[in-house]
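The structure appears below as structure tokens.
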Amino acid sequence: MSLRLEVEKKKALEEMRKLMADRKNKDKKPIKINNPLAKYNNAGQLMCVLCSSIVRSENVWQVHVNSKQHKENVEQAKKLKELTNNFTDKKIKKRPNTSLGDPPQEKKIKGILKNASENPIVQTAKPKNNAPTIITYHNEEIKRTILEPIIKEGPSKDEITNVDTAKEDAKSQEGSDQPIPEGFFDDPILDAKVRNIEYKDPVEEEWEKFQKEIKEETTTSAEIIAGEQEEATAERQIDEIDEQIRNWSRVLDLELKKEETKKKKQDVELMSEDENDSDNDVDIDEYLDWRAKKANVDLTCEVLKICFDKFGAGDVIKHFTGHIMYLLRHDKDCVRRLAVDEVFKSVKTDQTSFPVAQYIDVFVAVAQMICDKDVGVANKAVTITSDLPPEVYPKILEEMKIALDENSSSKCNAYEVVCNIAMKSPELFTLCVEQGYIDHMISELSTDDILYQLNILELLSRFAVKPYGIHYLVKEGGLDKISTLIGNIQSNPLGGLMLPGYLKFFGSIAHHYPKEIFAKYPVFLNSLFEAIESSDQSVQLPVALDTLGFIGTTIEGKLCLAAVGAQFIQAVDKVGDLIKNGITEIKVRSLNCLASLISVERDKAKSNPIDHRVTLMTREWFRSLNKPNGAMEFLFETVKNPFPDIKLAAFILLDAVCQHIWGEQDVARVAGFVEYLLDRSVGDTKEAKEARYDIIKRLAHSSAFESNILTRLQKYVEEGPFYMETNLQVAMEEGD
């Protein structure tokens, strides 16, 4: 058995390498060398005729041509050809000798003058002292008496000019039958111009030739490198395939060991007693089952993950749907985690490529995994299920009811999915109601598990702020049930721990519908103000301060709170006392709460101009901060607090105050306040500098300051929040 597997493995490896080589050769485009020295033999191999050698590939033909041996062979062939041509020319034809003094044959040359006759007279004169023959046209003869003294005594400057002029005239009048020999003029440019030949600088020609050779070498080198990279890539892929085959071979070896051990087990069972058979079966099965061995399962998951990465997003689910379904229901955590990660990657990449009718089983299987004991798998399943096509939710919500029979953690996961679905649209919210999830959540508030109840309240508050959500809770009596639970908190020994959850729930709804909540559920307001007046500064008071500020953020919330009357005024006074005497955490929360009550720019639906009643109310609430000494003086001292979190909260409150004209006037009346704000030498954090800049930007357009102060404020705004002044110091060296 082992030998057969080994042979099959080798065959598979050879076939894989053969396929890789064929694919590599198929991708290559055939290249034929068109060169007189290139020749292909009967075997299809490229050969160099001159060197009589085989070239390995067409890609390296240029490398062979540029090699030293090939160039030497080319030079030898050229020399041999020249010798052969010289030998043949001497035998066939002899070149005639002509005397230097023989006059050239007379030819008809077209005149260049307008009145010249059709047959001009050509005169020649035989020079003395071996001087060159002078040819004249149109009866214009250059006297030999001019040249003879020049030859004997040497030419003068004027004579040289006359001779040069004569040369140029002779050249212009000379016909095509009398070419000037190469090198007649010393200037190579003039010499080429006279002979009607384009002048080429030898240096430039050499440079162009050099650049051409460099370009050819670069191209050849790039082709060689590309070929080597392609070969390296193919070899690396073959190595990866070999590694995967080795891993699977290990799995097959474990299967063989399992079968061998089972045979031994059967032999042991025949010899063992009947009373011990059942116990031995359990022990041996647990020992033999390789799937139960974590190391082997982890190895298999790693191999599968490598294989999955080779596919595109969604291809694994499309081609191996049944296998993914098996992995999603596997008993090992790592296997389920591998499958749910692949589904998450596929759905998040392209959700539209998975038709609901075809992949509904995959979606349902993932939805049921919200009850998984592995927290990571359950959280990933919640994320996937919360963001699926709307048409898949009827089936998912129906199949997901199995989570309601599990523990509280699984139920919370199911409720989270339901809330995320319900917030998408009124139709999906109605679907969740019809499936009974919303009523089940409200009924679970009567359990004794405090953390479970707090989680349900947090989830209910998400869709309760929606118009259709609050309408259903009011219509079906859900808010009445929750308000009844608040009234019974006093009798519950653990009610103090539950109260923050109920305050946050009603506070989130009252932020959007303050008038309705205050009118129908006064128990909520009573509990809120009692929590603010309580001495418990660790659990109830922080949540109560945040809830009060959240409700008072909107203009409608401010008016509804002011309509409460004495209870709210006492709560504002309590907030001022906490700012002065509370611990650091409570002081920061109190400053933020008062800033929310005074600010008028946090309300997105605010009206312009602001209601005059709001301006008067906010001024009274701020002045209650420190009635005897003045609220703005106290805020000035708080702004200078060295603790960063308290200073930042004080800046936020100051920014809310400066949103009103009375706040700008109070800042202008406090001596030194503006100078402190403009002082950049104060060491602040980044957040504090930004908050300071927002305040100065607001005050830079205020009518409460004089023109010189406004100029300084506007200059600060132009320089930005992080501007730093530079002081230049010059060191002077004193002389002796």
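Close contacts from segment 639-658, counting a first residue that is small (G, A, S) and at pLDDT below 95 and a second that is open to solvent by less than 10 Å² (accessible area, probe 1.4 Å) and not in a helix (DSSP H, G or I), with Cβ to Cβ under 7 Å and a gap of 6+ residues or different chains, come to A656/S599. Restricting attention to segment 580-587, does a residue exist that is touching a residue at least 60 places away in the same chain (Cβ under 8 Å), crowded, with 16+ Cβ neighbours inside 10 Å and part of a helix (DSSP H, G or I)? So far as segment 580-587 goes, yes, one or more of its residues are touching a residue at least 60 places away in the same chain (Cβ under 8 Å), crowded, with 16+ Cβ neighbours inside 10 Å and part of a helix (DSSP H, G or I). The sole residue among G469, G496 that is buried (at least 20 other Cβ atoms within 10 Å of the Cβ), in contact with a helix residue (DSSP H, G or I) (Cβ under 8 Å, 6 or more places away or on another chain), touching a residue at least 12 places away in the same chain (Cβ under 8 Å) and not aliphatic (A, V, I, L, M) is G469. Here segment 240-262 is the region considered, the condition is being modelled with pLDDT of 75 or more and open to solvent by 90 Å² or more (accessible area, probe 1.4 Å), and the residue that is nearest to the chain's Cα centre (by Cα) is E243. Across segment 19-47, the number of residues qualifying as open to solvent by 100 Å² or more (accessible area, probe 1.4 Å), modelled with pLDDT of 75 or more and either within 18 Å of G227 (Cα to Cα) or not in a loop (DSSP other than H, G, I, E, B) (or both) comes to 1. Considering Y359, Y326, which residue is of a type in the set (S, T, Y), in a helix (DSSP H, G or I) and open to solvent by 30 Å² or more (accessible area, probe 1.4 Å)? The match here is Y326. V600 satisfies every condition listed in (1) outside the structural domain of R698 (by the TED database); (2) open to solvent by 20 Å² or more (accessible area, probe 1.4 Å); (3) out of contact with any helix residue (DSSP H, G or I) (no Cβ under 6 Å at 6 or more places or on another chain) except (2).
In summary, helices (runs of 4 or more DSSP H) completely within segment 362-471 and bearing 2 or more residues that are more than 36 Å from the chain's Cα centre (by Cα) occur at 393-399, 408-422, 426-434, 437-443, 450-464.
I'm trying to understand the selection: among the residues of segment 667-690, which are open to solvent by 20 Å² or more (accessible area, probe 1.4 Å) and not in a loop (DSSP other than H, G, I, E, B)? Steps first, please.
The initial filter retains those residues of segment 667-690 that are open to solvent by 20 Å² or more (accessible area, probe 1.4 Å), namely 668-669, 671-672, 675-676, 678-687, 689-690.
A668, R669, E675, Y676, L678, K686, E687, K689, E690, listed by residue number.
The values are calculated or read from the model by the stated rules, or taken from the named source; none is laboratory data. Please read all numbers here as calculations on a predicted model, not as lab measurements. Note that each Cβ is placed from the backbone with ideal geometry, even for glycine, and that neighbours are counted across all protein chains shown. Areas reflect the complete protein model, heavy atoms only, side chains present, ligands, DNA and RNA absent. Shrake-Rupley method; radii C 1.70, N 1.55, O 1.52, S 1.80 Å.
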